1. Farther than 30 Å from residue 428 by Cβ and out of contact with any helix residue (DSSP H, G or I) (no Cβ under 7 Å at 6 or more places or on another chain): does that describe residue 732?
2. Just the residues that are out of contact with any Lys or Arg (no Cβ under 8 Å at 6 or more places or on another chain) and crowded, with 16+ Cβ neighbours inside 10 Å, please, taken from the range 614-624.
3. What's the total number of residues in the range 478-520 that are without any contact (Cβ under 8 Å) to a residue 40 or more places away in the chain, more than 16 Å from residue 725 (Cβ to Cβ) and not hydroxyl-bearing (Ser, Thr, Tyr)?
4. Only residues that are at pLDDT 95 or above, assigned to a loop (DSSP other than H, G, I, E, B) and hydrophobic (A, V, I, L, M, F, W, C): list them for the range 316-366, please.
5. Counting just the residues of the range 197-219 that are of a type in the set (A, V, I, L, M, F, W, C) and surrounded by fewer than 19 Cβ atoms within 10 Å (Cβ to Cβ), which one comes out farthest from the chain's Cα centre (by Cα)?
6. What number of residues in the range 118-138 are crowded, with 17+ Cβ neighbours inside 10 Å, under 21 Å from residue 173 (Cβ atoms) and of a type outside the set (A, V, I, L, M)?
Amino acid sequence: MQVNEVGAGATAQSPIETGAVTNNGLLVLNFGSDDVVSDLADLTIAGTGRIQLIGEAAFTLDTATIAHTGGTTVSNGGLILTGVLAGNVATEGDGSFTLGAGGTEGSFAGSIVNNGRFVFNRSDDYSFLGGFSGSGILDKRGAGVLTFTGDYGFQGVTNIFGGAVRIGGTIAPETKFDLGDGGTLDITGKDQTIGGLSGAADTKVVVGDSQLTISQTDNSAFAGAISGNGGIVKTGGGTLNLTGNSTYTGPTSVNGGKLAVNGSIVSPVTVNTGGTLGGNGTVGSTTAASGGTIAPGNSIGRLTVAGNLGFAAGSTYEVETNAAGAADRIDATGRVTIDAAAKVAVLAENGAYNPRTDYIVLTGAGGVSGTFGSVTSNLAFLTPLLRYGSDRVTLSLYRNDIDFTDVAVGFNQTGVAAAIQSLGFDNPLFEGVLVASAAGAQTAYTDLSGEILASTVTGLNDDSRYLRGALMTLPAPEAGGAFVWGSAFGGWGDFDAKGGQSGVDTDHTGLVAGIGIGGNGFAAALSAGIGSSDFRLTGRGDKADADSKYLAAHATYGTGDGLRGAFGISYGWHDVDTNRTVAFAPLAQTLTSSRDADTLQVFGEVGYDIVAGTAAVTPFARLAHVRTKSDAFTETGGSGALAIDRTKQETTFLSLGLRGRLNADAPGFQPFGSLAWNRAFDDRAALATGGFAAGGTPFAILGNWIPKNSAEIEAGFDYSAGAFRIGAAYSGTLASDRQSHGARITARIAF
């Protein structure tokens, strides 16, 4: 076969086993996995062209001599070399290039760009002279030593599954090494940086006199041994877990992330800024420098220092504890030296701690000198204290005299905090808060306060305006007589968080209809309706649903020129279901309740139409008084359940505004709009009283606030044709901490 033109291609789809091929263009080999592809024995390929493998089959180049100079690309399938191959090789996708078949055959003198997989499988020692780059996978197999003498710019994963890999060039710092089956990584002679290290127990890393920097952002474990006179530097944010027994004697520096020694190293260790030393193993003499942290164990555990231990100024000893009396500990066989500017940070697990618990956290067989300058705890109500002996440091955790209320924020948190503290020991709420941080305690208070229970009453009181707005639009029949009417309405809005209380998101829909009589601008009706309200604490799982029924008597008057008014009274019954979540550690409870509530409101509005041509402007004043009551009830679902007394909220609303209407003197299409200032008086928030169903002192819960001042805007239209009239409107209420938006459609048919 001859491929003569550069850029021209020939495709072979049947075996080529012997003979000569001159390739000065592109030779594409496309054998499928079902083709029989035997060893390409005695085949010679020469020329300046390229070869590309795209089929799924694997080729074995046995006694073949592939001497073309344009390079070989393995895009799919495999190329197994036991003969001689000249030029460079590239792998990509699912393509793999294997050098050797477990013996000593196979010769290759070029460079490799490995974005697929390269497998080295020879039993003898072999030196790779070319460059090695890419970001795929390298599998080293066989008992021999593979030496890379050129650049090792490879950024992928190097798997050493036998023998050794020795690298004389510079390793790309992104390269990760995974060792197994007795594999060895040898960097003797040159300092190197790698992107990660992992390996089994029978593997080795040989550093010689060099320094190996392991810069990894993920977590890995190396169970093998590291040997040599060189050292190790740990950088990157990940954790390197050394579980084997290493004998390297150079220094170990922890400059980032965590080095967990769960085996042993004899190297002296320095923990620098941003680094953490942990584990349950043994290390050489250790110094925690400024910004460095020693945190024994993998949770609570013990670290042994075979030598001296020093805590420099600005260093931290991080100690975990639990209520059962266990704590982190460091045992040094030499002397422990502590600078007065070093500190201890206690991370106490949740649990029922005794009033005082003692823990031995540090020992030095050669004595302990110096004291830590400070000790802190993550728990708000347990105070840590350090006591020093000649050869040890003991940590004591005491129940302090900080009241639960001291870390509370706002009215609701303060009330529930006092109630929780009154429950005392052997109560899960008390013991849960006792071992919380200040922030954790505040979360617990918010969860346990039952704020949604009071805010639901506030929400029902505020939602009364949707029904009120519909009733006050009752349209009088132009010709007098009886009529039927109806209005569908809905709205949504939110109360902002305020004074330590959560925000509330609200939704409301309703329908009211009735029968009336009227004439000469006057209309009166008896109406009934239904409604649904949803209340949700913003960013939390607490919610309440209310299904409502209404009865109302109401009237309107207005001739289009002069005095105008609207008056009414309504009564609503509400079936309220509440679901709230307590989710602070260690509690996880869903608390539910059902209760009855009702709303009574009386309202009136007076205005005066000032007509100018076909337009009318109406200054108006509106007054409403709303009383909402909620029956007593008790929640179920866990120790955080509350028993709430009967709750009442009475609020008076005053509105002063201006309304405008076009085509006011004629039937047909009449657009309108209004702008008003609203003022709320009396109870602007519901105040519920009660306590935990299990006991404790009672406390009060304040619902969210109806804004004292707000602006109200409305825009819509009415359309009348004979006995039929229909209207639609948008309304919005805006305040600095409250907004709501609503819409309604009203229709009337006169008889």
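The values are calculated or read from the model by the stated rules, or taken from the named source; none is laboratory data. The structure presented is a predicted model; accordingly, all values stated were derived computationally and were not measured. Quick reminder, even Gly has a Cβ in these numbers, built from the backbone with ideal geometry, and neighbours come from all protein chains shown.
1. Yes.
2. 622, the sole residue that qualifies.
3. 3
4. Listed by number, the residues that qualify are 326, 340, 341, 342, 365.
5. Going through the qualifying residues, I end up with 201.
6. 7
The rows are residues; the columns are (1) assigned to a loop (DSSP other than H, G, I, E, B); (2) closer than 25 Å to residue 448 by Cα.
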| site | (1), (2) |
| --- | --- |
| 476 | yes, no |
| 482 | no, no |
| 491 | no, no |
| 494 | no, yes |
| 506 | no, yes |
| 515 | no, no |
| 518 | no, no |
| 523 | no, no |
| 530 | no, no |
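Yes/no per residue for (1) more than 34 Å from the chain's Cα centre (by Cα); (2) crowded, with 21+ Cβ neighbours inside 10 Å:
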site: 639; (1), (2): no, no
site: 642; (1), (2): no, yes
site: 645; (1), (2): yes, no
site: 649; (1), (2): yes, yes
site: 659; (1), (2): yes, no
site: 675; (1), (2): yes, no
site: 685; (1), (2): no, yes
site: 696; (1), (2): yes, no
